[in-house]
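**Q** Shown below is the structure under consideration.
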Amino acid sequence: MKDTITRFHYRGSLNKEYSDTELSDAIHQCTDSAQKLIDSGRAMTIALYHYKHMLFLYVEAIGEECRPEEFCSGLTLYMQLWPGIKESRVWADMYHIYYHAVPENIEDWKRPTKPELQRGRIAFLYPDKLYSYIHHHLAIVREGILTGDKYQSIALHENILFSYFEEPKTIINIRRDTTLTSKAIEDWLAVDPESHFMHLPECKGANFMFIPAYFIVQL
């Protein structure tokens with residue numbers, strides 16, 4: 001349907017670490033192309049975040065998927081290829097595994113006011129804890145009771161999580177009934193969530209660390 005909102009997440013890898021100045025022209029080109037998708041009614045939010053050589057792209061598409069190759073071609077020369085089943089590509093799909101709301105339509109998903117902050121975060125999971133994390137977070141989503149930011153979205157690629165959310169938060173749950181009590185979150189808390197995360201020095205003790213954006217455009 002034309003007014004269906006679908007969230008997509010992609011991961012890219014630069015072929016080395018670049019300064020903001022070195023990438024400024026490419027980022028400017030990608031930003032302009034992303035804005036044109038917003039203006040043409042094909043997307044509601046497009047945000048590109050980065051950490052060292054890693055790129056994390058969040059897209060709220062209206063109707064059909066907006067592939068990053070379509071609007072981020074300016075960065076292609078600076079990126080490595082991911083091997084694929086059929087062919088190599090510069091952007092790998094991330095798996096959307098956690099959220100607190102499902103977009104119903106454009107009116108439902110449109111922000112009443114511009115968010116003060118549009119956050120990007122990443123976390124690293126221990127390989128032997130990967131399936132435990134996936135199991136419990138998919139259980140929370142299937143249950144649909146736990147409340148959180150309406151626009152929060154977590155995706156996975158390899159053992160890396162990328163999280164997008166907005167502040168101030170719009171508190172909601174998938175069932176859109178905040179009077180319910182989640183059993184699935186109790187199960188998750190019982191398996192020691194902290195033990196799932198690799199705490200890098202940059203995380204400063206937190207499970208997720210905030211990363212900067214190259215650009216954010218939004219309807």
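Values quoted throughout were computed directly from the atomic coordinates according to the rules given, and no laboratory measurement underlies them. Quick caveat: nothing in here was measured; it's all calculated off a predicted structure. Reconstructed Cβ throughout: ideal geometry from the backbone, glycine too, with neighbour counts over all protein chains shown.
**Q** Indicate the gyration tensor shape class of region 143-186 (rounded, prolate or oblate), computed on the Cα atoms with a ≥ b ≥ c the square roots of the eigenvalues: a/c under 1.5 is rounded; otherwise a/b larger than b/c is prolate and the rest oblate.
**A** oblate
**Q** I've got another one for you. Given R₀ = 41 Å, what would the calculated FRET efficiency be for residue 169 paired with residue 19, taking r from the Cβ atoms and rounding to 0.05?
**A** 0.80
**Q** P(r) of region 15-92 in 5 Å steps, Cα pairs, percent per bin?
**A** Here the calculated profile for region 15-92 is 3, 14, 26, 24, 17, 12, 3, 0.
**Q** Work out how much length residue 139 to residue 85 would gain on full extension: take 0.36 nm times their residue separation and subtract the Cα-Cα distance, in nm to one decimal.
**A** Full extension from residue 139 to residue 85 adds 16.5 nm.
**Q** Cut-off is 10 Å between beta-carbons; in what order do 188, 82 appear when sorted fewest neighbours first?
**A** With the sparsest Cβ surroundings first, the list reads 82, 188.
**Q** Shifting gears a bit: Over its Cα atoms, what ratio of radius of gyration to 2.2 N^0.38 Å does region 84-168 give?
**A** Normalised Cα radius of gyration, region 84-168: 1.25.
**Q** Then there is this: Given contacts defined as C-alpha pairs under 8 Å and at least six residues apart, what's the relative contact order of the chain, whole-number percent?
**A** It rounds to 27 percent for the chain.
**Q** One-quarter of the Cα convex hull surface for region 106-219, in nm²?
**A** Mean orientational projected area (region 106-219, Cα hull): 8.3 nm².
**Q** Further question: Ranked highest first by the average count of other Cβ atoms within 10 Å around their residues, in what order do 8-15, 165-172, 177-184 fall?
**A** Ranked by mean Cβ neighbours within 10 Å, highest first: 8-15, 165-172, 177-184.
**Q** If amide hydrogens are placed 1.01 Å from N in the peptide plane, which non-local residues have theirs closer than 5 Å to the one on residue 152?
**A** Counting only residues 5 or more places away or on other chains, the set is 100, 166.
**Q** Work out, step by step, the length gained on full extension between residue 198 and residue 213: first 0.36 nm times the residue separation, then minus their alpha carbon distance; give nm to one decimal.
**A** Full-extension gain reported as 3.1 nm.
**Q** Between residue 128 and residue 106, how high is the FRET efficiency from 1/(1 + (r/R0)^6) when r is the Cβ-Cβ distance and R₀ = 35 Å? Nearest 0.05.
**A** 0.25
**Q** Pairs of alpha-carbon atoms within less than 8 angstrom and 6+ residues apart define the contacts here; what relative contact order does region 1-102 have, in percent?
**A** Dividing the mean separation by the residue count of region 1-102 yields 41 percent.
**Q** Here is a further query. Would you work out if the chain is rounded, prolate or oblate? Take a ≥ b ≥ c from the square roots of the eigenvalues of the alpha-carbon gyration tensor; rounded if a/c is under 1.5, else prolate when a/b is larger than b/c, oblate otherwise.
**A** oblate
**Q** For region 48-94, calculate the relative contact order in percent as a whole number, restricting contacts to Cα pairs under 8 Å that are 6 or more residues apart.
**A** Over region 48-94, the number comes to 20 percent.
**Q** Let me ask you something else. Determine, at each q value in 0.20 (inverse angstroms), the log₁₀ of I(q)/I(0) that the Debye formula gives when each Cα of region 154-219 is one equal point scatterer.
**A** -1.21
**Q** Across the chain, how many lysine pairs, 8 or more apart or on two chains, come within less than 21 Å at their alpha-carbon atoms?
**A** Taking the Cα cut-off of 21 Å, the pair count is 14.
**Q** So what is the calculated 222 nm ellipticity per residue for the chain, using -39500 (n - 2.57) for each DSSP H run with n of 4 or more, over all residues, to the nearest 500 deg cm²/dmol?
**A** Calculated at 222 nm, the ellipticity per residue is -6500 deg cm²/dmol.
**Q** How large is ³J(HN,Hα) for each residue in region 69-81, as worked out from phi by the Karplus curve 6.51 cos²θ - 1.76 cosθ + 1.60 (θ = phi - 60°), to whole Hz, x for Gly and Pro?
**A** Coupling constants for region 69-81: 4, 6, 10, 10, 5, x, 8, 4, 5, 9, 10, 8, 8 Hz.
**Q** Through the Karplus equation 6.51 cos²θ - 1.76 cosθ + 1.60, θ set to phi - 60°, convert the phi angles of region 104-117 into ³J(HN,Hα) values in whole Hz; use x for Gly and Pro.
**A** Values, residue by residue: 8, 5, 4, 5, 5, 8, 5, 6, x, 9, 5, x, 5, 9 Hz.
**Q** I'd like the Karplus ³J(HN,Hα) series for region 183-199: coefficients 6.51, -1.76, 1.60, θ = phi - 60°, whole numbers in Hz, and an x wherever there's a Gly or Pro.
**A** Per-residue couplings from phi come out as 7, 5, 5, 5, 5, 5, 5, 6, 9, 6, x, 4, 5, 7, 9, 7, 9 Hz.
**Q** Starting with the fewest neighbours, write out 42, 67 ranked by other beta-carbon atoms found within 10 Å of each beta-carbon.
**A** Result, fewest neighbours first: 67, 42.
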